[in-house]
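Peer 1: Take this structure first; my questions come after.
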Amino acid sequence: MKIVFFGSPVLALPSLKKLLETDHSIDLIITQPDRPSGRGKKLMPCPVKKTASDLNIPYYQPIKIRKDEIALDKIKEIEPDLNVVVAYGQIIPSSIIYLPRYNSFNVHFSLLPKYRGASPVQKALLDGEAKTGITILELNEKMDEGDILVQEEVNIFPDENAAELEARLAEKGADLLIKAIAQIDKLKHRKQDHSQATYAPKIRKEDGKIDWTKNSLSIERRVRAFTPWPSAYAFLKDIRIKIHKGRKIAKKTPPGSSAGKISGIKKEGIEVCCGEGSIYLIESLQPENRKRMDAYAFSLGAEIKPGDIFA
């Protein structure tokens, strides 16, 4: 089977690599344009483009695929049997969706119709879900509204962050994709119940700012959901601090405490007062322009003490 693969981040690589291990042929990869990165804002390729280049697979990087006739022409030249879309990052037009014999399959990292949109893994963690999953669906013109082909439920581990959960889902999603393609002529299409749909909008960098008036469980979920990007962060002594790991603890704030105040410092980490009389323990953090470190070690070097306030 001839396949055109659409994908961009690391999340898409397991599906691409699994397809390359089969008898199917990837004749073209459509991926995002290079983006500026780092302090020098040097243009850097996304992981899928780098893999395509390393393996000498033809690729194309449309700025806006909905307006790019070259992309359509390149796909027409391939005459694919199927398009496979995994975390591509752009809305694909119907002229491309329905061009192949089997149309277009999408690997989505939630149990649709729950968590349609760009950030299903992060939203599941923010909502404190115990389970999520993978959906292989047939694309249509609307976002994540196509027919469901196969689904698989996945447990979320208690301390798992977004990067760890995405990595597991990416591997499981790749296996499920291969199974779906192997049964492509026998797959039953199931319409989504749109009345049950929920949404996971695109995350913005500023969404990572911690609001210490929220309870410690809410903050724990936010840190897990926004690791590694955009990262949960706060300010201490005018220094921007990324919070990489922490947890709510079964301890109440001292009388008269305010949200964000450090109530205690131990080898386990820094205890911070939160809303509803709760406390969040910061275990690992990263001061601006420095490496990730143990929170207790940071408190010693930066001379942090109880009473100091995270903003």
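The values are calculated or read from the model by the stated rules, or taken from the named source; none is laboratory data. Nothing here was measured: the structure is a model prediction, and the numbers come from that model. Positions of Cβ are generated from backbone atoms using ideal geometry, with glycine treated the same way; all protein chains shown enter the neighbour counts.
Peer 1: Select from the stretch 132-142 the residues that are touching a strand residue (DSSP E or B) at 6+ places or on another chain (Cβ under 6 Å), farther than 15 Å from PHE6 by Cα and either of a type in the set (A, V, I, L, M, F, W, C) or free of Cβ contacts under 8 Å to residues at least 12 places away in the same chain (or both) and list them in ascending order.
Peer 2: ILE134
Peer 1: Quick check: anything in the stretch 154-174 more than 29 Å from LYS205 (Cα to Cα) and either assigned to a loop (DSSP other than H, G, I, E, B) or modelled with pLDDT of 95 or more (or both)?
Peer 2: Filtering the stretch 154-174 down to residues more than 29 Å from LYS205 (Cα to Cα) leaves none.
No: zero hits.
Peer 1: How about the stretch 2-17: which of its residues are outside any strand (DSSP E or B) and buried (at least 16 other Cβ atoms within 10 Å of the Cβ)? I'd like the intermediate steps shown before the answer.
Peer 2: Step one: list which residues in the stretch 2-17 are outside any strand (DSSP E or B), which gives 8-17.
SER8, PRO9, VAL10, LEU11, ALA12, LEU13, PRO14, SER15, LEU16, listed by residue number.
Yes or no, residue by residue, for (1) within 23 Å of PHE109 (Cα to Cα); (2) among the basic types (Lys, Arg):
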residue: MET1; (1), (2): no, no
residue: LEU13; (1), (2): yes, no
residue: ILE30; (1), (2): yes, no
residue: CYS46; (1), (2): yes, no
residue: ASP54; (1), (2): no, no
residue: ASP68; (1), (2): no, no
residue: LEU72; (1), (2): no, no
residue: LYS76; (1), (2): no, yes
residue: ALA87; (1), (2): yes, no
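Peer 1: Something else now. Could you please give the count of residues in the stretch 270-304 that are in contact with an Asp or Glu (Cβ under 8 Å, 6 or more places away or on another chain), among the hydroxyl-bearing types (Ser, Thr, Tyr) and farther than 17 Å from SER257 by Cα?
Peer 2: Adding up the residues that qualify gives 2.
Peer 1: Looking at (1) closer than 26 Å to LYS49 by Cβ; (2) in contact with a His (Cβ under 8 Å, 6 or more places away or on another chain); (3) surrounded by fewer than 18 Cβ atoms within 10 Å (Cβ to Cβ), which is the only condition GLU145 fails?
Peer 2: (1)
Peer 1: Still on this structure, I have one more. Six or more apart or on different chains, Cβ under 9 Å: which pairs go from a residue in the stretch 18-46 that's more than 24 Å from ALA180 (Cβ to Cβ) to one that's acidic (Asp, Glu)? Could you list them?
Peer 2: Once the first residue is more than 24 Å from ALA180 (Cβ to Cβ) and sits in the stretch 18-46, its partners that are acidic (Asp, Glu) give LEU43/ASP34; MET44/ASP34; PRO45/ASP34; CYS46/ASP34.
Peer 1: Within the stretch 193-223, can you find the residues that are more than 25 Å from LEU281 (Cβ to Cβ) and touching a Gly at 6+ places or on another chain (Cβ under 6 Å)?
Peer 2: Those that are more than 25 Å from LEU281 (Cβ to Cβ) and touching a Gly at 6+ places or on another chain (Cβ under 6 Å): TYR199, ALA200, PRO201.
Peer 1: Name the residue that is farthest from CYS274 (Cα to Cα), counting only residues in the stretch 191-209 that are assigned to a helix (DSSP H, G or I) and of a type in the set (Asp, Glu). Outline the logic, then answer.
Peer 2: Our first condition is that a residue be assigned to a helix (DSSP H, G or I); within the stretch 191-209, this holds for 194-196, 205-208.
This time we only want the ones that are of a type in the set (Asp, Glu), so: 206-207.
Values: GLU206: 20, ASP207: 18 Å.
Once the filter is applied, the top-ranked residue is GLU206.
Here is a yes/no grid of residues against (1) of a type in the set (S, T, N, Q); (2) modelled with pLDDT of 95 or more; (3) surrounded by fewer than 20 Cβ atoms within 10 Å (Cβ to Cβ):
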{"residue": "LYS209", "(1), (2), (3)": "no, yes, yes"}
{"residue": "ALA225", "(1), (2), (3)": "no, yes, no"}
{"residue": "ARG240", "(1), (2), (3)": "no, yes, yes"}
{"residue": "ILE243", "(1), (2), (3)": "no, yes, no"}
{"residue": "GLU271", "(1), (2), (3)": "no, yes, no"}
{"residue": "SER284", "(1), (2), (3)": "yes, yes, yes"}
{"residue": "SER299", "(1), (2), (3)": "yes, yes, no"}
{"residue": "GLY307", "(1), (2), (3)": "no, yes, yes"}
{"residue": "PHE310", "(1), (2), (3)": "no, yes, no"}
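Peer 1: Related question: Go over the candidates ILE262, ILE241, ILE309, ILE279 one by one and state the one that is in contact (Cβ under 8 Å) with a residue 40 or more places away in the chain, within 29 Å of VAL10 (Cβ to Cβ) and not assigned by TED's automatic domain parsing to the domain that holds ALA130. Quick ask: steps written out before the conclusion?
Peer 2: Details: ILE262 fails: within 29 Å of VAL10 (Cβ to Cβ); ILE309 fails: within 29 Å of VAL10 (Cβ to Cβ); ILE279 fails: within 29 Å of VAL10 (Cβ to Cβ).
Answer to the check: ILE241.
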